[in-house]
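Contents: one structure, followed by commentary.
The numbers here are math on the coordinates, done by the rules we state, and not lab data. Being a predicted model, the structure only gives us computed values, none of them experimental. Every residue, glycine among them, receives a Cβ derived from its backbone with ideal geometry; neighbour counts consider all protein chains shown.
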Amino acid sequence: MPVTDNVQIAPAEGKLGILIPGIGAVSTTFIAGVEAIKRGLGLPVGSLTQLSTVRLGKRTDGRSPKIKDFVPLAGLEDLVFGGWDIYEDTAYESAVNAKVLEPSLLAQLKEPLSAIKPMKAVFDPEYIRRINGPNVKTKGSKMDKAQALMDDIAQFRESTGVSRVVMIWCGSTEVFHRAAAVHQTIESFEKGLCNNDPDIAPSQIYAYAALKSGVPFANGAPNLTTDTPALLDMARDFNLPICGKDFKTGQTFMKTLLAPGFKARMLGINGWFSTNILGNRDGEVLEDPGSFKTKEETKLSVLDQILQPKLYPDLYENLYHAVRINYYPPRGDAKEGWDNIDIFGWLGYPMQIKIDFLCRDSILAAPLVLDLVLFMDLAQRCGMRGIQEWLSFYFKAPMTAPGLYPEHDVFIQLMKLKNTLRWMRGEDLITHLGLEYYD
Ligand SMILES: NC(=O)c1ccc[n+]([C@@H]2O[C@H](COP(=O)([O-])OP(=O)(O)OC[C@H]3O[C@@H](n4cnc5c(N)ncnc54)[C@H](O)[C@@H]3O)[C@@H](O)[C@H]2O)c1
């Protein structure tokens, strides 16, 4: 029987613009990677949209197309990049400074990367304290700055001729703050922009400008940003997808692999101590207690949600969980993350697990940026609006509808993502029941 899509999917015609606040280590590794892959200089390792398949129908059907052949995604050759930063460095200069990719590789990509000159940023040193730069918008109220960002977006559309745009925050982590009165309604938020309300963070001004310009918004940092009633309402009212928060890359990725495994086997955990050293600009910003607090919240929430101590008090009620991050310049972007896990088994007998993950932060994050922008564009072409929970797979602190707890188990997240793709194309969802094979 021919299958019919559950949603109308507009074709991925024309070019897709990708606008990025923050032309730093992650975003330049992503952009340089796409340019390298286009030239046959590397493979898109870590990217589901480029490499992964999706099984359709029964296990005996032998139908496993690549995701990119199953749903209509923008091609890498159709991506056009732009962004904002507080520093004037081009994407080439910033990539050289970040020292993630080899100079010899960057030299081959100098032309496209040098063409990306960051637009003037909306910045507030109250929200990001350890860095400061000259390339910022200084005039007018927060509303004037939002308007200036909307002008930037319109200008980018016009000069590049893109047919669609997605924005993804790859800027530094802002200090911890909670949704305040100004964030409760669109009206109060707009009034706050006009009155320069101190509770409105720069990332929220970018998100507002994106949504007002008909652009989906993804958040790669743990900032509050769109996790407020006003911006959630805007996304729904304007039929735009949003998602976040905080790319799930190194240590938290390991946690969401291991913790569901321990819980699946009903093994107990007494303690989980995680510590990191990293020496990139992200590490420098996270030295500030305000920014660290934002990061700590997303990193700590994971275990509680996965292990459900209220359901399993004997196993997880007394779990002591601590996360530390130390700025250590000699390592640059090559982070080292240690985990000491005190687990217990049969009759409470203790065991220990030690993990030493010598990872490369931006190498792990770049494919997530690629997948997110392609999937957010797909979501928009499907008419999906508001929080895209099916993209939880990519985040440490997945956004969910108010009152719903987030799903952190990476394998459940993957199933949800692939089932969403199957649902879009009208294919049967895979439940793994499988009784039919034994009839
Ligand atoms: N694996 C990872 O690398 C990883 C994982 C999860 C989350 N993140 C988050 O992604 C973000 C980017 O990480 P990175 O390693 O590229 O950091 P980075 O410091 O190299 O880059 C961030 C850039 O954002 C710029 N910036 C800060 N405020 C800005 C503003 N208001 N407007 C425009 N630009 C602004 C900074 O000048 C800097 O160039 C951070 O928030 C980080 O916490 C990274």
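Quick one: compute the contact order of segment 272-332, relative version, from alpha carbon pairs under 8 angstrom and 6+ residues apart, as a percent.
Values: 66 pairs, mean separation 40.3, N = 61.
Relative contact order of segment 272-332: 66 percent.
Counting just the Cα atoms, what span does the chain cover along each of its three principal axes? Round to the nearest Å and put the largest first.
Taking max minus min along each principal axis of the Cα atoms, the chain gives 66, 56, 51 Å.
Sum up the charges of everything whose Cβ sits under 13 Å from the Cβ of Asn270, counting Lys and Arg as +1 and Asp and Glu as -1, but leave Asn270 out.
-3
Distance in nm between label sites at Thr60 and Leu41, each 7 Å beyond Cα in the beta-carbon direction?
5.0 nm
If R₀ is 41 angstrom, what is the calculated FRET efficiency for the pair Leu51 and Phe344, using the beta carbon separation as r and rounding to 0.05?
For R0 = 41 Å, the calculated efficiency reads 0.60.
Can you tell me which lysines have their Cα less than 17 Å from the Cα of Lys418? Leave out same-chain residues fewer than eight positions away.
Excluding near neighbours in sequence, the set is Lys58, Lys66, Lys68.
Cross-link partners among lysines for Lys142, C-alpha distance below 30 Å, same-chain residues fewer than 8 apart left out?
Here the lysines satisfying the reach criterion relative to Lys142 are Lys117, Lys120, Lys191, Lys212, Lys245, Lys293, Lys295, Lys396.
Subtract the Cα-Cα distance of Leu429 and Glu126 from 0.36 nm times their separation in residues, and report this length gain in nm to one decimal.
Here the answer is 104.4 nm.
Over segment 292-439, what is the mean sequence separation of C-alpha contacts under 8 Å (at least six apart), divided by residue count, expressed as relative contact order in percent? Walk me through the intermediate numbers first.
Values: 115 pairs, mean separation 26.7, N = 148.
Over segment 292-439, the number comes to 18 percent.
Do the sum for the chain: with -39,500 (n - 2.57) for every DSSP H run of n ≥ 4, divided by all residues, what is the mean residue ellipticity at 222 nm, to the nearest 500 deg cm²/dmol?
Mean residue ellipticity, 222 nm, calculated: -11500 deg cm²/dmol.
Report the local net charge at Leu319: Lys and Arg +1, Asp and Glu -1, summed over other residues whose C-beta lies under 10 Å from its C-beta.
Surrounding charge for Leu319 is -3.
In a GNM of the chain with a 10 Å cut-off on Cα contacts, which of Ile116, Ile131, Ile31 has the highest mean-square fluctuation?
Taking springs between Cα atoms under 10 Å, the residue moving most is Ile131.
Mind jotting down the three principal axis lengths of segment 261-414 based on Cα atoms? Whole angstrom, largest first.
Sorted from largest, the Cα extents of segment 261-414 read 54, 41, 25 Å.
When N is the residue count of segment 331-427, what does its C-alpha Rg come to as a fraction of 2.2 N^0.38 Å?
For segment 331-427, the normalised Cα radius of gyration comes out at 1.43.
Modelling each spin label as a point 7 Å along the Cα-to-Cβ direction, I'd like the Asp69/Tyr437 distance in nm, to one decimal.
In this crude spin-label approximation the distance works out to 2.3 nm.
In the Gaussian network model of the chain, springs joining C-alpha atoms below 10 Å, which of Asn223, Asn419, Asn340 carries the largest mean-square fluctuation?
Checking each option, the largest mean-square fluctuation is seen for Asn340.
Mind giving me the FRET efficiency for Thr160 and Glu88? R0 is 22 Å, r the Cβ-Cβ distance, nearest 0.05 is fine.
Using R0 = 22 Å, I get an efficiency of 0.60.
Setting aside same-chain residues fewer than 8 positions from Lys99, which lysines have a Cα under 16 Å from its Cα?
Lys110, Lys335
Please check which bits of segment 354-372 a label hung off Ser104 would reach, taking the label as a point 7 Å along Cα-to-C-beta and the cut-off as backbone N under 13 Å.
No residue qualifies, since no backbone N sits under 13 Å from the label point.
With a cut-off of 8 Å between alpha carbons and a minimum separation of six or more residues, what is the relative contact order of the chain in percent?
Answer for the chain is 21 percent.
Of all DSSP beta bridges in the chain, what percent run antiparallel (nearest 5)?
Taking every DSSP beta bridge with both residues in the chain, the antiparallel ones total about 45 percent.
For segment 1-128, what is the charge dipole size about the Cα centre, in debye to the nearest 20, if Lys and Arg each add +1 at the Cβ and Asp and Glu each add -1 at the Cβ? Spell out each step's value before the answer.
Working: 13 positive and 15 negative charges, 145 e Å.
Computed about the Cα centre, the dipole is about 700 debye.
Is the shape of segment 381-426 best called rounded, prolate or oblate, per the rule: a/c under 1.5 gives rounded, else a/b larger than b/c gives prolate, else oblate, with a ≥ b ≥ c the square roots of the Cα gyration tensor eigenvalues?
oblate
So what's segment 132-180 giving for Rg/Rh, alpha carbon basis, Kirkwood Rh from the mean inverse pair distance?
Answer for segment 132-180: 1.03.
Search the structure for amide H atoms under 5 Å from the amide H of Asn270, placed 1.01 Å from N in the peptide plane, and list their residues when 5 or more places away or on another chain.
Asp342, Ile343, Phe344
Say we join alpha carbon atoms closer than 10 Å with springs in a Gaussian network model of the chain; which of Leu51, Leu79, Leu391 then has the biggest fluctuation?
Leu51
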